[in-house]
1. Quick check: is even one residue across region 139-155 touching a helix residue (DSSP H, G or I) at 6+ places or on another chain (Cβ under 7 Å), closer than 22 Å to residue 34 by Cα and not in a loop (DSSP other than H, G, I, E, B)?
2. So the check is Cβ under 8 Å with 6+ separation or different chains; which pairs have a first residue in region 270-295 that's in the same structural domain as residue 242 (by TED's automatic domain parsing) and a second one that's modelled with pLDDT under 55 and surrounded by 12 or more Cβ atoms within 10 Å (Cβ to Cβ)?
3. Look at residue 147 and say whether it is surrounded by fewer than 15 Cβ atoms within 10 Å (Cβ to Cβ) and in the same structural domain as residue 280 (by TED's automatic domain parsing).
4. Considering 157, 142, 228, 135, which residue is farther than 21 Å from residue 281 by Cβ, buried (at least 20 other Cβ atoms within 10 Å of the Cβ) and touching a strand residue (DSSP E or B) at 6+ places or on another chain (Cβ under 8 Å)?
5. Looking only at region 242-252, decide whether some residue is closer than 19 Å to residue 189 by Cα and buried (at least 16 other Cβ atoms within 10 Å of the Cβ).
6. Scan 106, 101, 130 and give me the residue that is within 30 Å of residue 240 (Cα to Cα) and surrounded by 12 or more Cβ atoms within 10 Å (Cβ to Cβ).
């Protein structure tokens, strides 16, 4: 009978765990700490600065704990035992001044960042921004290009180096529009149009998600962002316009809003003018109809 060596099994188990951990780290999607645009880059700077400032409390506290434990150990005869000690002005000054400075620095960073990165604030550029209107539905994203007269589902195409100004709403429940590598997640709310300005400085395909739980299909509520060269974007828009795809009008939008099983990419060759504003105005009606139909199906 063969006997398996327990230490060998333990080593194999540890090796397997390390391999799984390494695979998990490699498989992670790049996020907010790997930005590809000016907004994401500034947000990363704020996060890192805040981290270093807060380490001004964490690191000294850890070091002080280790020093105190070592100095006041049982075998140290030089440590003075003072059971009646209760107050020291210098200690109080040190204990309160460092946290106060940390709060002041963090407050300053938050104040400056909230104004510099205000979502509706236009980005500095010598190019006119691309207008994109976004509607979140169950469970998909609709992107309307009013100047190009086309629309897509679950795919956002933007030109590199050009600001993009978004108007965002929800046709159903509240969601959150977020492209981690571009920055600035913002809520999509029924009956409201929020504004967001972003820009991609590097070509590539990036991940877009809903950062707010919205129901059973939330896990599949993802979209892709293709940042392409300006000439390629113009060619894509012209091709979508002439591609003979379906038309996104009021009737198609209502059918789209009431459907819950569309998770792929769809391109519309034409869009009814003013559809986004109508979606903002009538989002409550569509939501009520969708909920009524859902109750009837149950």
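1. No: zero hits.
2. Once the first residue is in the same structural domain as residue 242 (by TED's automatic domain parsing) and sits in region 270-295, its partners that are modelled with pLDDT under 55 and surrounded by 12 or more Cβ atoms within 10 Å (Cβ to Cβ) give 279/286.
3. Values: surrounded by fewer than 15 Cβ atoms within 10 Å (Cβ to Cβ): yes; in the same structural domain as residue 280 (by TED's automatic domain parsing): yes.
So residue 147 passes the test.
4. Working: 142 fails: farther than 21 Å from residue 281 by Cβ; 228 fails: buried (at least 20 other Cβ atoms within 10 Å of the Cβ); 135 fails: farther than 21 Å from residue 281 by Cβ.
Only one candidate qualifies: 157.
5. Residues of region 242-252 closer than 19 Å to residue 189 by Cα: none.
No, there is no match, as no residue in region 242-252 is closer than 19 Å to residue 189 by Cα and buried (at least 16 other Cβ atoms within 10 Å of the Cβ).
6. Numbers: 106 fails: within 30 Å of residue 240 (Cα to Cα); 101 fails: within 30 Å of residue 240 (Cα to Cα).
Just one listed residue meets the conditions, 130.
Residue by residue, here is whether (1) at pLDDT below 90; (2) in a helix (DSSP H, G or I); (3) on the phi > 0 side of the Ramachandran plot holds:
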position: 50; (1), (2), (3): no, yes, no
position: 55; (1), (2), (3): no, yes, no
position: 68; (1), (2), (3): no, yes, no
position: 80; (1), (2), (3): yes, no, no
position: 84; (1), (2), (3): yes, no, no
position: 95; (1), (2), (3): yes, yes, no
position: 102; (1), (2), (3): no, yes, no
position: 108; (1), (2), (3): no, yes, no
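Results for (1) in the same structural domain as residue 204 (by TED's automatic domain parsing); (2) closer than 21 Å to residue 229 by Cβ, shown as yes or no for each residue.
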{"site": "123", "(1), (2)": "no, yes"}
{"site": "134", "(1), (2)": "yes, no"}
{"site": "140", "(1), (2)": "yes, no"}
{"site": "159", "(1), (2)": "yes, yes"}
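The values are calculated or read from the model by the stated rules, or taken from the named source; none is laboratory data. Since this is a predicted model, take the numbers as computed values, not measurements. Don't worry about glycine lacking a Cβ; one is built from the backbone with ideal geometry, like all the others, and counts go over all protein chains shown.
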